[in-house]
Amino acid sequence: MTYALIVIDVQNDFCPGGALAVPEGDRIVAGINALMNDADAVVLTQDWHPAGHSSFASSHAGRDAYEVLDMAYGPQVLWPDHCIQGSIGAQFHNELHSDRAEMIVRKGFRPDIDSYSAFFENDHSTPTGLEGYLRTRGISDLLMVGLATDFCVNFSAVDAAKLGFNITVQMDLCRAIDLNGSLAAAQDGMRAAGVTLAT
Ligand code: VGL
Ligand code: ZN
């Protein structure tokens, strides 16, 4: 089998001190680095929003972060401004061995739509191109790690399973935001989609 390590959004803004800090987000970095040698390919994703992105609460008058807003493509959690293109917050965590990446997928760059998944934007239909990259490289199996378990990892893993990849999420190398039970819901959803959850 040929497998890719997919590292989701290990960026400064999702680590302690960042704009949308995930508790213990930085604790997974050493473990992720250690997995890079064994993989046939290393892919990193990078949340990459223009200033004023529609997923930011600050873009909607009278709205607060973590409220849910109905968008044309469905419900969208509103976030603090984060991962703005070119900012320090959007950079990968300093200790992540990002030089090992053969492919970096940037997502969330369209102003009017968010993109949690590494495969499709939040309309579940606009592709990022990652599926084609993996297939043309002959990759059938994916090992996924990163931030945040209940948002970008969850959406990416479920899409990977739907696309027919054999997908395992290494849960101890992920950390969650956990809004209103979102972690438990994500675990149920990933299992139901056929994702293997490993520790
Ligand atoms: C993420 C919220 C907003 C993530 C990205 O990486 O899980 N969450 N943008
Ligand atoms: Zn984002």
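The distance between label points at A72 and L163 comes to 2.4 nm (points 7 Å beyond Cα on the Cα→Cβ vector). For S59, neighbours were defined as the other residues whose beta-carbon sits under 14 Å from its Cβ, and their charges (Lys and Arg +1, Asp and Glu -1) total -3. Over all other residues within a Cβ to Cβ distance under 14 Å of S117, the charged ones net out to -4, with Lys and Arg as +1 and Asp and Glu as -1. For the chain, the longest principal axis of the alpha carbon atoms and the long axis of helix 182-193 meet at an angle near 40°. For segment 150-195, the alpha-carbon radius of gyration amounts to 1.06 times the rule-of-thumb value 2.2 N^0.38 Å expected for a compact globular protein.
Summing Lys and Arg as +1 and Asp and Glu as -1 over all other residues whose Cβ lies under 13 Å from the Cβ of D150 gives a net charge of -2. The eigenvalues of the Cα gyration tensor, multiplied by 5 and square-rooted, give segment 102-178 an equivalent ellipsoid with semi-axes of 18, 18, 11 Å from largest to smallest.
The DSSP beta bridges internal to the chain are antiparallel in roughly 20% of cases. With Rh defined as the Kirkwood radius, the inverse of the mean 1/r over Cα pairs, the Rg/Rh of the chain is 0.94.
Here segment 52-88 is scanned for amide nitrogen atoms under 18 Å from the site 7 Å beyond the Cα of F109 along Cα-to-Cβ, giving 52-55, 82-88. One decimal place: the segment L197-N37 gains 55.5 nm when fully extended, by the rule 0.36 nm per residue minus the C-alpha distance. Rolling a 1.4 Å probe over the heavy atoms of the protein chains gives the chain an accessible area of 43 Å² per residue.
Split the accessible area of segment 116-199 by element, probe 1.4 Å, and carbon with sulfur accounts for 50%.
The values are calculated or read from the model by the stated rules, or taken from the named source; none is laboratory data. What you are looking at is a predicted structure, and each value in this text was computed from that prediction instead of being measured. Virtual Cβ from ideal backbone geometry, glycine too; neighbours counted across all protein chains shown. Only protein heavy atoms, including side chains, enter the accessible area calculation; ligands, DNA and RNA are left aside. Shrake-Rupley method; radii C 1.70, N 1.55, O 1.52, S 1.80 Å.
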